[in-house]
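The values are calculated or read from the model by the stated rules, or taken from the named source; none is laboratory data. Keep in mind that this is a model prediction, so the values were computed, not measured. FYI the Cβ positions are ideal-geometry reconstructions off the backbone, even for glycines, and counts take in every protein chain you see.
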Amino acid sequence: MMNSKLLAIVAVIVVVIAGLGVYAVVNHDDEEKVVETDRLLIYGNVNNDDVIDDKDLTLLKQMIDGDKEPSALADVNADGTLDDKDVEKLQDIIDKKAKTVFYYNAMYKKPYETPYPLKNIVVASPQPTMSVMLLGPEDKAAGTAEPADTALFAGIKADELWEVNKAYQWNVGVTKVSNLPAEKKADAVITTIETYAMNTEKDFEDAKIPVIRLDVRGTSSISAALMIGFLCGAEEKAEKFVGYIDKVQKEIDSKTSKVAEDKKVSAMIVSKSDVYGNESGFTSCIKLAGANLAVEVPETSRAIGDKEWLNNVAPDYVLAYTTVTKYAYDTASAITYWEQFTGIYDFFDSVPDNFMFVGYYLPDTLRAAYLAEVFYPDQFEKGYGDKIHQEYVDSFLSALHDAKYDVTKDGNFLITKEDYQALKA
Ligand SMILES: [Ca+2]
Ligand SMILES: [Ca+2]
């Protein structure tokens, strides 16, 4: 899916370039495999790895000379052709002299220009974790749709949070952002690709404040982390984070690959009214944990409705994301949510026995660490999910680390039936 998205860009560039009679049409059999998955989707990252450096420059020159096929992110100035102007702009990016760069806008599926580097940003999304992690809790800005996960901002007074809770919702008002004090004047708003996010986008366009759309769902969050890191001058931290996630995922893969095919479990992921599909990005943690999807839903989600279409579906596990798994955790909401959800899913024989809440604010691979521990107890020691999660907290979430946050005691990031019963007792 991600591969085809980038290949589509390659196709567009090739068509444009072919139209100008500069290059031959790509022969797909011989195509250089530089585009495997989405990584740092900044135009100029010619080889689609995690950084922009001299390797990209070398490759770009080879493409211009016709020795290599153009890649998806080679058109640095996004004007539809590859020439010396791209080399010049790429050199400026490498030398940190560029004032703007083009990034891949995951919502509109084409290059968008943004000031570079971003000094102050407003993050208008319900997932503040990534920006907090990469930029620091008090730096830049952060916003959230729901009440902010206050534990992420430990040590900072609420009124110093740029009125995060009050002002920054899925739909940030342009007046609020324009009226920020001079030293915090935002040069962009970063948000997700959901259509209901930032329906005020036009107002921002008029005010010349770019709205940057990043895909933060599922495995695309790796790409989003690299992009926020690059755009905001936090490259090192972003690369460290991505390196950590890659390492953990490799460890999970090596263990789950030992599970025989007939021992693999199946799972599905739901909201109160829908079953989530592949397009939501929510199902990827199931696959990352080495399990199968109990039901194939290619679209974003499918309404449960009359439930008839689920008649022959027999999931080993039913998972739900809820915000009760946030760092500022409270038991009462966990119990309430649990009862609301399990009341809906009792039509499966195995549910709610095998129902679980899985961490909403966690990177996919961390969710997978928790799930894999439950799915395959022979392969993963008890407490594996918490162990990995604690490492992540201590390495990347400074406010929590400083507050000596203990993921085994201070929160609950995978809530099972046994957990529910213990909470209720
Ligand atoms: Ca590169
Ligand atoms: Ca160009």
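Tell me, please, whether a residue that is over 22 Å from the mean Cα position of the chain (by Cα) and either assigned by TED's automatic domain parsing to the domain that holds T150 or not in a helix (DSSP H, G or I) (or both) can be found in the stretch 355-370. Taking every residue of the stretch 355-370 in turn, at least one turns out to be over 22 Å from the mean Cα position of the chain (by Cα) and either assigned by TED's automatic domain parsing to the domain that holds T150 or not in a helix (DSSP H, G or I) (or both).
Can you give me the number of residues within the stretch 401-421 that are within 23 Å of the chain's Cα centre (by Cα) and in a loop (DSSP other than H, G, I, E, B)? Residues that pass the stated criteria total 4. Cβ separations smaller than 8 Å between residues 6+ apart or across chains give the following pairs from the stretch 73-95 residues that are in contact (Cβ under 8 Å) with a residue 12 or more places away in the chain and outside any loop (DSSP other than H, G, I, E, B) to residues that are of a type in the set (A, V, I, L, M, F, W, C) and away from ligand 1 (no atom under 16 Å from the Cβ): D84/I64; D86/I64; V87/I64.
The residue of the stretch 88-108 that is nearest to ligand 2 (Cβ to nearest atom), among those that are buried (at least 17 other Cβ atoms within 10 Å of the Cβ) and over 23 Å from D215 (Cβ atoms), is K89. In the stretch 61-68, the count of residues that are over 25 Å from T195 (Cβ atoms), modelled with pLDDT under 95, of a type outside the set (K, R) and more than 16 Å from ligand 1 (Cβ to nearest atom) is zero. The residues in the stretch 251-282 that are under 27 Å from I415 (Cβ atoms) and in a helix (DSSP H, G or I) can be counted, and the count is 9.
With respect to the stated conditions, T58 is within 24 Å of F230 (Cα to Cα), assigned to a helix (DSSP H, G or I), away from ligand 2 (no atom under 15 Å from the Cβ) and modelled with pLDDT of 95 or more.
Condition first: touching a Leu at 6+ places or on another chain (Cβ under 7 Å), within 16 Å of ligand 1 (Cβ to nearest atom) and at pLDDT 95 or above. Can you find one or more residues in the stretch 79-89 that meet it? Taking every residue of the stretch 79-89 in turn, at least one turns out to be touching a Leu at 6+ places or on another chain (Cβ under 7 Å), within 16 Å of ligand 1 (Cβ to nearest atom) and at pLDDT 95 or above. Taking the criterion of being modelled with pLDDT of 90 or more, surrounded by fewer than 22 Cβ atoms within 10 Å (Cβ to Cβ), on the phi > 0 side of the Ramachandran plot and assigned by TED's automatic domain parsing to the domain that holds F153, would at least one residue in the stretch 193-204 satisfy it? No, the stretch 193-204 contains no residue that is modelled with pLDDT of 90 or more, surrounded by fewer than 22 Cβ atoms within 10 Å (Cβ to Cβ), on the phi > 0 side of the Ramachandran plot and assigned by TED's automatic domain parsing to the domain that holds F153. Residues that are within 13 Å of Y317 (Cα to Cα) and in contact with a strand residue (DSSP E or B) (Cβ under 7 Å, 6 or more places away or on another chain) within the stretch 288-306 comprise A291, N292, L293, A294, V295, listed in sequence order. Report yes if some residue within the stretch 223-234 is among the aromatic types (F, W, Y) and crowded, with 19+ Cβ neighbours inside 10 Å; otherwise report no. Looking for residues that are among the aromatic types (F, W, Y) and crowded, with 19+ Cβ neighbours inside 10 Å, one finds at least one in the stretch 223-234, hence yes. Residues of the stretch 96-117 that are out of contact with any Cys (no Cβ under 9 Å at 6 or more places or on another chain), part of a loop (DSSP other than H, G, I, E, B) and over 22 Å from Y196 (Cβ atoms): K96, K97, A98, K99, Y116.
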